[in-house]
1. Fewest first, what order do 167, 203 take by the number of other Cβ atoms within 10 Å?
2. Sort 262, 209, 174 so the one with the fewest other Cβ atoms within 10 Å of its own Cβ comes first.
3. Could you give the Stokes-Einstein D for segment 21-70 in µm² per second, using the C-alpha Kirkwood radius, 20 °C, 1.002 mPa s?
4. Within 10 Å, count the other beta carbons around each residue, average over each peptide in 28-38, 118-128, and list them highest first.
5. For segment 258-304, just say rounded, prolate or oblate: build the C-alpha gyration tensor, square-root its eigenvalues into a ≥ b ≥ c, call rounded for a/c under 1.5, and beyond that prolate if a/b exceeds b/c, oblate if not.
6. Mind listing the long-range amide H neighbours of residue 209? Cut-off is under 5 Å, sequence gap 5 or more, other chains count too, H placed in the peptide plane at 1.01 Å from N.
7. Taking 0.36 nm per intervening residue step and subtracting the Cα-Cα distance, what contour gain separates residue 20 from residue 202 on full extension?
8. Return the sequence-ordered ³J(HN,Hα) values of segment 263-268 in whole Hz as given by the Karplus equation 6.51 cos²θ - 1.76 cosθ + 1.60 applied to θ = phi - 60°, using x for Gly and Pro.
Amino acid sequence: MDSDGFATHSRDVNGFTLREAMRCGVIETDWFRMKAMGEVEELLKTPRVHFLYLHHVFPDEIDNFRATLAHVQRTHEMVTYSRAVELVLSGQVTRPTACVSFDDGLSTILPASRVMDELGIKGCFFVCPAIVGERDREQVRRFAETRLHYPPMDVLGWAEIEEMASRGHEIGSHTYSHPNMGEVSLEQAIDELQYSRDELRLRLGGVKHFAWPSGRWDNFSARAGKAVFDLGYESCASAIRGCHMPRPFAVDRRDVCLRREHIMGCWPLRHNLYFMARSVRRVGPKDYQWPPKWQRIVKQESTVPGEDGGVPGEAMALA
């Protein structure tokens, strides 16, 4: 931590707790069992699309981050986020394919983006316009405490985001102010989606992709998912682990909820590969679908949210 209590090292965010020790023990045991049986290599050779995502890459994580991406690059075709989305929609996946994204817009991802440039990899960075460029550390601290629920870290400015975009990286929407989208009203959810879209269009000329904060099913809703596409976004991503397999048919983008695999720069390479291999082992035929209950709700309702360009609702407040 620095003198203001802001995280500067991976241990500031990921302390080694008893729970973490138990998790590592389970991973290690399963990993070596899978390796001994030759499963890991075979699973990772499976043709599919794998969306990898992170939140931060501190200086002490950068070398392992580079090694992880370099290893994946040797065994997978690395594509842009937009290309990965199109492959999932078409179902025409002929080889192991992966892309990389980051959530929250933290400042540590700027050097990470340069490592990706070195490797020829272009990622998608999901940001929250309400906090971009905030230099008041008390505001950033409040945002971290009330919205991110982890120690405060400095955030990117617009100039840095524009620089990444100029280098070929994509910038996506992570809502306007990172609320729990499963707890706000539909009107507030639409405001979050619309105001973020409008700000990114104004600043960058456009935005295609959306990923909701925290990424679990209970952090979102069927109606908010429908609004994503009604408002012109081309994809919607969760943080549900998984991958996307080949299909003999194409699907409509509105019917697709992307799964993303959380990896971390501080994890050993084998742990990141373990989660990728495990998702291939567990994948089923409904790897792209929304929960059945949500599908029924969307089919029953046909209300299209307005585009009145109004002032964001109370969910936008950072206080």
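Just so it is clear, none of the values below were taken in a lab; they were calculated from the coordinates. Since the model is a prediction, treat every value here as computed from it, not as a measurement. Methodologically, a virtual Cβ is constructed for each residue, glycine included, from the backbone with ideal geometry; neighbour enumeration extends over all protein chains shown.
1. Ascending number of Cβ neighbours within 10 Å: 167, 203.
2. Lowest to highest Cβ neighbour count: 262, 209, 174.
3. Once the numbers are plugged in, D ends up at 160 µm²/s.
4. 118-128, 28-38
5. Here segment 258-304 falls in the prolate category.
6. Under 5 Å from the amide H of residue 209: 173, 234.
7. This chain segment gains 61.3 nm when fully extended.
8. 10, 9, x, 7, 7, x
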